[in-house]
Amino acid sequence: MPTTPAFTSRVARLRSWLFAGLGLAVAAGAIAATPRRPNILFLFADDQRADTIAAHGNAHIKTPHIDGLARAGVSFRRNYVFGGNSGAVCVPSRAMLMSGKTWFAINTATLAGEKLMPELFGENGYTTFGTGKWHNGQASWLRAFQHGESVMFGGMSDHTKVPLHDRTPEGTMAGPRTGAGFSTEMFADAAIRFLETQDGAKPFFLYTAFTAPHDPRQPPPGFPANYAARPPLPKNFLPQLPFDNGAMNGGRDENLGAWPRTEAMIRDQLAEYYAMVEHLDAQIGRILAVLKRRGLAENTIIVYAADNGLALGSHGLLGKQSVFEHSMRTPFIIGGPGIPSGRSVEAFTYLFDIFPTLCELAAIAPPAGIFGESVRPLWDGTKARLRDTVFLPYIQVQRAVRDERWKLICYPKLGYSQLFDLEADPNETKSVYDNPAHAAHITRLLAQMKAWQAKVGDTLAVNATSQPPPSIDLTGKERKTDQWQPEWIVKKYFAPAK
């Protein structure tokens, strides 16, 4: 065998190329063996009470597909929206979801200067797509999503006359155009069209923000086929709230039914609302079926949540402009690879915890200054709770704080407070504030409320004592409809009584 310098050099080069090739092969094998980042499918409902899911104990509603998500994942049963800074609670709610911060720290109308959840995922290799409701301005949507269609900017519309926009290849929003169909179906259609283009080569972040079951409470004709058995009244039903909580006069939600609220009217509206939830559930089923058929389900984290709750007869209210449980608690279910199935968590969570949770699951560093916390420790057993109390601030008229058992609500403009023992009275029907035996709970919760205020930058002075509020009676109060209600709802709920 020759041993000339030239030969030796060629051998050296060959060995170098060989080892380099082996190194590349090893690296390629390592990449192939590394699990891909999970896809994200985010399904977001609008104005859905936390107690309108069959799997969570409501025997009067049929939600088989949401029930399936609960069986396959983790349900957070004490999940809340962090109050709000306007009567349109969905504006700050969605802003907090997308930024991971409280409404005290952000511009909720525009989200200017904030790193948004889908924006961050897009910067980390995800294909991002948005459809449905976006209540925080076009500029922030365009920053957040690379692709999207059938986007509704604003708070609400007739579900059969939705003004829709589509993202153009040039990065602008075309529209509006009036959608041809029912809102829930059109948003599901857009999500499905996106899923049909995905081959699993690159992870995606798909955000589908429905406008159901937000009013107008107008389920599609014939859905469901028979709703003669109307839902029962809420256990905390009242004909009307006996005092002005700061949202009684001028708020559109409370005008959607006459005072006093009658049992028949509330049961009718509940039936229409439940039908919209059931129709929403059916459209979710369509999306999940395509996800499975495309072979994408096994590597997809699915989040189901809603922006806020709703009263619908509870406490004599119809809207979400209160800090009662029915308006501040929301559904939150998460499932997918690495997440246990069929588990319920009672620890306190907020909607803005979803952002850092998804970041952790996708191995993406969350933005600096984020206020939410990942909920993963609650299902993997490393933490029993993220926080001991929940703070619920609503504009400048209501403040609440609750712990495992007790809840204090302050109405600073009235100088009035309520204390509820949620263990004995989960529906908040009887305030025990005036019982001297509970004075220590009031003192403790008031201190917790002030600590929360200092933490989030809330400067509202809350009342330390309580006096009876002026009573009100809104019987016969004149009401005005709005341009979004279809004719049959106007005739049914706004026509003068005969």
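The values are calculated or read from the model by the stated rules, or taken from the named source; none is laboratory data. Treat the numbers as computed from the prediction; the structure is a model and nothing was measured. Cβ: placed from backbone, ideal geometry, glycine included. Neighbour counts: every protein chain shown. Please note that ligands, DNA and RNA were not included when accessible areas were found on the heavy atoms of the full protein model with its side chains. Shrake-Rupley method; radii C 1.70, N 1.55, O 1.52, S 1.80 Å.
Here are a few things to note about the model shown:
- Selection status of THR102, open to solvent by 40 Å² or more (accessible area, probe 1.4 Å), in a loop (DSSP other than H, G, I, E, B) and of a type in the set (Ser, Thr, Tyr): no
- Enumeration of residues in the stretch 252-275 that are closer than 13 Å to HIS214 by Cα and in contact with a helix residue (DSSP H, G or I) (Cβ under 7 Å, 6 or more places away or on another chain): LEU256
- Some residue of the stretch 184-197 being in a loop (DSSP other than H, G, I, E, B), crowded, with 18+ Cβ neighbours inside 10 Å and either in contact (Cβ under 8 Å) with a residue 24 or more places away in the chain or touching a Leu at 6+ places or on another chain (Cβ under 8 Å) (or both): no
- Qualifying positions in the stretch 51-66 - more than 17 Å from the chain's Cα centre (by Cα) and in a helix (DSSP H, G or I): ALA54, ALA55, PRO64, HIS65
- Residue that is nearest to the chain's Cα centre (by Cα) [pool: residues in the stretch 260-273 that are surrounded by 20 or more Cβ atoms within 10 Å (Cβ to Cβ) and of a type outside the set (D, E, K, R)]: TYR273
- Applying the set (1) farther than 29 Å from ASP253 by Cβ; (2) buried (at least 24 other Cβ atoms within 10 Å of the Cβ); (3) of a type in the set (Val, Ile, Thr) to THR131 leaves exactly one unmet item: (1).
- Only one of GLN398, GLN467 that is within 21 Å of LYS320 (Cα to Cα) and out of contact with any helix residue (DSSP H, G or I) (no Cβ under 9 Å at 6 or more places or on another chain): GLN398
Residues are listed down the side, and each one gets a yes or a no for (1) modelled with pLDDT of 95 or more; (2) within 29 Å of the chain's Cα centre (by Cα); (3) assigned to a helix (DSSP H, G or I):
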position	(1), (2), (3)
GLU428	yes, yes, no
LEU446	yes, yes, yes
ASP458	yes, yes, no
ALA464	yes, no, no
GLU478	no, no, no
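- Within the stretch 364-414, the set of residues being within 27 Å of LEU460 (Cα to Cα), within 20 Å of the chain's Cα centre (by Cα), free of Cβ contacts under 8 Å to residues at least 60 places away in the same chain and open to solvent by 30 Å² or more (accessible area, probe 1.4 Å) comprises GLU373 only.
- Counting only strands (runs of 3 or more DSSP E) that sit wholly inside the stretch 275-368, those with at least 2 residues that are among the aromatic types (Phe, Trp, Tyr) are 343-350.
- Odd one out for TRP379 among (1) in a loop (DSSP other than H, G, I, E, B); (2) in contact with a strand residue (DSSP E or B) (Cβ under 8 Å, 6 or more places away or on another chain); (3) under 26 Å from ARG405 (Cβ atoms): (1)
- Residue within the stretch 199-219 that is under 20 Å from LEU312 (Cα atoms), in contact (Cβ under 8 Å) with a residue 40 or more places away in the chain, open to solvent by 20 Å² or more (accessible area, probe 1.4 Å) and assigned to a loop (DSSP other than H, G, I, E, B) present: yes
- Residues of the stretch 71-81 classified as touching a helix residue (DSSP H, G or I) at 6+ places or on another chain (Cβ under 8 Å) and open to solvent by less than 10 Å² (accessible area, probe 1.4 Å), total: 6
- Looking only at the stretch 288-310, residues that are surrounded by fewer than 23 Cβ atoms within 10 Å (Cβ to Cβ) and closer than 14 Å to PRO64 by Cβ come to 2 in all.
- Set GLY68, GLY73, GLY100, GLY57: member being touching a strand residue (DSSP E or B) at 6+ places or on another chain (Cβ under 6 Å) and either modelled with pLDDT of 95 or more or farther than 17 Å from ILE334 by Cα (or both): GLY73
Results for (1) more than 28 Å from GLY83 (Cβ to Cβ); (2) crowded, with 17+ Cβ neighbours inside 10 Å, shown as yes or no for each residue.
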position	(1), (2)
GLU119	no, yes
GLU123	yes, no
MET152	no, yes
ASP166	yes, yes
THR172	yes, no
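- Checking each residue in the stretch 348-363 for being more than 16 Å from the chain's Cα centre (by Cα) and open to solvent by less than 10 Å² (accessible area, probe 1.4 Å) picks out CYS359, ALA362.
- Condition met for SER150 (among the polar types (S, T, N, Q) and at positive phi): yes
- Comparison of LEU386, LEU414 shows that the only residue that is under 30 Å from ARG37 (Cα atoms) and modelled with pLDDT of 95 or more is LEU386.
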